[in-house]
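The values are calculated or read from the model by the stated rules, or taken from the named source; none is laboratory data. Only a predicted model underlies this, so the values are computations on that prediction, with no experimental measurement involved. Cβ: placed from backbone, ideal geometry, glycine included. Neighbour counts: every protein chain shown.
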Amino acid sequence: MKYAFSFLAVIALILIAWLGSQIPGMQYFFGVAIPYLAVMVFLGGFIYQVVQWAKSPVPFSIQTTCGQAKSLDFVKHNRLESPHTTPEVVARMALEILTFRSLFRNTKSEIYAGPKITYESSKWLWLFALIFHYSFLVIVIRHMRLFLNPVPEVIAWLDWADSMFEIGTPALYMTDAGLLIGLLFLFSRRLTNRQVRYISLANDYFPLLLLIAIGVTGVLMRMFLRDGIDIAAIKQLGVGLVTFSPVITADIGSIFYIHLFLVCVLLVYFPFSKLMHLGGVFLSPTRNMKNDSRQVRHINPWNPEIKVHAYSAYEDEFREFMVDAGIPVEKEPEPTEEAPAEAPA
Amino acid sequence: MSVAKLEQLSQSVVQDPSLATGAIPTKDWMDIPVVFKPGDYAYPAKQDKVEYLNSQKGLNFPNAREWSPEDDDWKLPENWKEIIIDGLGERLEKFRSLKIFMDCCVRCGACADKCHFFLGTGDPKNMPVLRAELLRSVYRNDFTLAGRILGKMAGGREMTIGVLKEWFMYSYQCTECRRCSVFCPYGIDTAEVTMMLRELLHLVGIGINWILEPASNSNRTGNHMGLQPHTFKDNVDFLAEDVEGLTGVKIEPTFNRKGAEILFITPSADVFAEPGLYTAMGYLILFEHLGLDYTWSTYASEGGNFGLFTNNETMKKLNAKMYAEAERLGVKFIVGGECGHMWRVLHQYMDTMNGPADFLEVPKSPLTGTVFENSASTKMIHISEFTADLIKHGKLNLDKSRNSHVKATYHDSCNPARAMGLMDEPRYILDHVVDWVEMPENTIREQTFCCGSGTGLNTDEIMELRMRSGLPRANAVKYVEDKHGVNMLSCVCAIDRATLTSLMDYWNPNVGVCGITELVGNAIVLDGETRGELDEGLRTMVF
């Protein structure tokens, strides 16, 4: 159900862009107004979210240690998994963000008769997540050639490298294939892995389907539906958008507007969704804090004023027992008066 | 509550349809209400305990009453929903971790089968991701733009009594062990989520007795067992007599002694119940062997901190006794005994909450001269750090053969491993005092499995649940028992010593449980000792 909803939502978005862009005069709406709006929402939303996170303090030092702490000289310190200095934290974070180190640890548990539980290394999620994310990154960078004139050397080189195997005409980008393969794995995993299937929300299927649609429309535009794809006009629009003088000089095929509209939807959706893990991973306190909390005092800005149950109150309650047991006291007990004789029953 | 027979439970965890064994529930989790039956829940806190805590300055434990989770009416305050939502809002402002963990989860499912409660019960809501979704769904509904607009479509849901009951069920089926946070690509820590859930529940008077009674005892008497000063002293003195009976060496521990160099604080369970008693005897022997100038305290007689399982205010109040007592007695630094969650508090919270401890000195071993720079601010060191350093410098006269009746393995307690990074010091000690082997690699160090009964869940009325959640740990012990003939599960945690004993009795009855310092104490050759053959070390009965 949840994926069906998401699927229908993406279809609806495609129809909106397809039909809408055919209405005369609406090209400027889909090609200029929506992209500007989307970029503004994306930037504003992203900054807003990060500021919202940053506004809340980190009251306690809650690093998760995944290796031996810095301790005695002869105990080998695991500098990456239990970082003690800022450079060590940076290294840990870099590995986390660039190589998905925690995901690399993943295991799969099974319970057999006995009972016997096994934990098998399971790196598929790590592998396909990595393929998807890096492909996506390269694709985003590659697209910069549409906005920059002249095209920086680095981007031209990346473009060349990405299509160096020259499969098909025009050459298939490896990252296009990587993106779609990664997304298809992530999507089918949501349907087939019983645990993931059970926890998945529409919020999980929608971005995957949206990204698949963006990838597919992009590949279609480049490889198959080339009618009306006037690359010069597209580039002119792209450069125009970033120089705040956008013009649409030719009829560009609907597939372009669909692709662009879906990207705009992604930009708008991004800051208000789980996709913000892009920003959040940098701020996660269990990963980005030093494990030096006994060496350097961590400050909690709202540390509440709470007094201990005072020793004096404790001694007052138990003084006689303490004296009887020979435990030293601060204040000697007052000599007690003779206990009054008990009243006859 | 009777516990299922071993055979039954062994079959149940493998065959009963559950998400862990391969059956996918047909209903969406939001549409499955919780039902409380005996054995599903720990008993609610007694009214007088809640009243006592609420009367303490700085603490807030409202709505003390008699109630039962099985009743439809939980006798909540009329505006309970407002209290919960406001409480959540306040905590989002106070804890960045909560905000990040609410916003960033992508439901990749890497955490799903990492939880011992999930592996043992197969209950989908025990997957860390779903445990967090119980709160996240409400957060979305009330605190996010998408949730406000799209509601259930965006995974939001309204706060209802049913949701509140679900929170109670599942925040007390999590031991805050943090294993899931090791595997999460964003480091989302379910312990943080569980802590917040428990804090919120306390705001409307929902808490369990096995946590709040020890918390109130700790506040009043100094230890969670409620031992009064003379009883605490008597217990330690008995242990000293036992040591004398075994070794012929008379030990005279001191209490609340001003001017001692070191204040020693350990979980009170160690002076009260087997098998922790033997660990406490180990401390006495070790310190006697060293001629250490140390004192016990009856006022700060609890290392453990039941506030950690309650809310951050209670944690602070209970923890404050350690520094207060260290200052009053004028010691130089503090040595802490073997305990898991106690060390989470000491390592990650104490200095922040109750520091700076300017009146103490940076810990320096009086025997080796080693300065413990890693504790330069907190001024409190772990007994394993202290002991490992002594062994390295050859300060202990050890006879490893005295532990020849033991084939040990080592259980990393959750908190020392994942919230402190104390992993190799205990191993170094073990190497010198006993023959031991490691359990399989996915069950040790940062991937260690919880005993299944931490965070105040080691209460008898939920015994079957505990045996289920402890299964992954027990299963790993079983593996080394079968393969290497292991007969002793060593650990550095007082809760473990209590809970793993029940767990071993159930799953692996031939395996005992001990603290590391018990093995150290048994291996120490004391000056002037008249020790005979002790077949079972410090556990030998001498008449």
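General remarks:
- The residues of segment A:306-335 that are under 27 Å from residue B:380 (Cβ atoms) and more than 7 Å from chain B (Cβ to nearest Cβ), listed by number, are A:310, A:312, A:313, A:315, A:317, A:329, A:330.
- For segment B:4-32, residues that are β-branched (Val, Ile, Thr) and facing chain A (nearest Cβ under 9 Å) total 4.
- Any hit, segment B:73-94, residues being within 27 Å of the chain's Cα centre (by Cα), part of a loop (DSSP other than H, G, I, E, B) and in contact (Cβ under 8 Å) with a residue 12 or more places away in the chain: no
- A count restricted to segment B:104-115 and to residues that are in contact with a helix residue (DSSP H, G or I) (Cβ under 6 Å, 6 or more places away or on another chain), at the interface with chain A (Cβ under 7 Å from one of its Cβ atoms) and in a helix (DSSP H, G or I) stands at 2.
- Residue check for residue A:5: in a helix (DSSP H, G or I), facing chain B (nearest Cβ under 8 Å), surrounded by fewer than 20 Cβ atoms within 10 Å (Cβ to Cβ) and of a type in the set (A, V, I, L, M, F, W, C): yes
- Considering only residues in segment B:235-263 that are among the polar types (S, T, N, Q) and outside any helix (DSSP H, G or I), the one that is surrounded by the fewest Cβ atoms within 10 Å (Cβ to Cβ) turns out to be B:254.
- Selection count where residues are in a loop (DSSP other than H, G, I, E, B) and in contact with a Ser or Thr (Cβ under 7 Å, 6 or more places away or on another chain), scope segment B:44-68: 1
- Here is the figure for segment B:116-156: residues that are part of a loop (DSSP other than H, G, I, E, B) and more than 26 Å from residue B:455 (Cβ to Cβ) total 3.
- Qualifying residue in segment B:228-238 (condition: free of Cβ contacts under 8 Å to residues at least 12 places away in the same chain, hydrophobic (A, V, I, L, M, F, W, C) and in the same structural domain as residue B:402 (by TED's automatic domain parsing)): yes
- Criterion: charged (D, E, K, R), modelled with pLDDT under 95 and assigned by TED's automatic domain parsing to the domain that holds residue B:425 - qualifying residue of B:531, B:497: B:531
- If you go through segment B:25-54 and keep only what is within 21 Å of the chain's Cα centre (by Cα), crowded, with 18+ Cβ neighbours inside 10 Å and of a type in the set (Ser, Thr, Tyr), you end up with just B:41.
- Qualifying residue in segment A:268-280 (condition: β-branched (Val, Ile, Thr) and closer than 17 Å to residue A:35 by Cα): yes
- Within segment B:437-485, the set of residues being within 14 Å of residue B:39 (Cβ to Cβ) and assigned to a helix (DSSP H, G or I) comprises B:460, B:461, B:462, B:463, B:464, B:465, B:466, B:467, B:468, B:469.
- Scoring residue B:81 on the criteria (1) among the basic types (Lys, Arg); (2) surrounded by fewer than 20 Cβ atoms within 10 Å (Cβ to Cβ); (3) more than 21 Å from residue B:169 (Cα to Cα) leaves a single failure, condition (3).
- Close contacts from segment B:429-442, counting a first residue that is over 17 Å from residue B:382 (Cβ atoms) and more than 14 Å from chain A (Cβ to nearest Cβ) and a second that is part of a loop (DSSP other than H, G, I, E, B) and not aliphatic (A, V, I, L, M), with Cβ to Cβ under 8 Å and a gap of 6+ residues or different chains, come to B:435/B:404.
- Residue within segment A:276-287 that is in a loop (DSSP other than H, G, I, E, B), within 14 Å of another protein chain (Cβ to nearest Cβ) and over 30 Å from residue B:371 (Cα atoms) present: yes
- Summed over segment B:375-417, residues that are more than 11 Å from chain A (Cβ to nearest Cβ), of a type in the set (Phe, Trp, Tyr) and within 18 Å of residue B:288 (Cβ to Cβ) total 0.
- Evaluation of residue B:213 against (1) in a helix (DSSP H, G or I); (2) within 13 Å of chain A (Cβ to nearest Cβ); (3) among the charged types (D, E, K, R) (one fails), failing number: (2)
- Of all the criteria given as (1) part of a helix (DSSP H, G or I); (2) closer than 25 Å to residue B:188 by Cα; (3) more than 8 Å from chain B (Cβ to nearest Cβ), the one not satisfied by residue A:138 is (2).
- Considering only residues in segment A:97-115 that are under 17 Å from residue B:114 (Cα atoms), under 21 Å from the mean Cα position of the chain (by Cα) and more than 7 Å from chain B (Cβ to nearest Cβ), the one that is surrounded by the most Cβ atoms within 10 Å (Cβ to Cβ) turns out to be A:101.
- Residues considered: B:152, B:114, B:165. Of these, the only one that is of a type in the set (Lys, Arg) and crowded, with 22+ Cβ neighbours inside 10 Å is B:114.
- Screening the candidates B:213, B:176 for the property of being among the acidic types (Asp, Glu) and buried (at least 24 other Cβ atoms within 10 Å of the Cβ) yields one hit, B:176.
- Residue match in segment B:211-224 (condition: outside the structural domain of residue B:106 (by TED's automatic domain parsing) and basic (Lys, Arg)): yes
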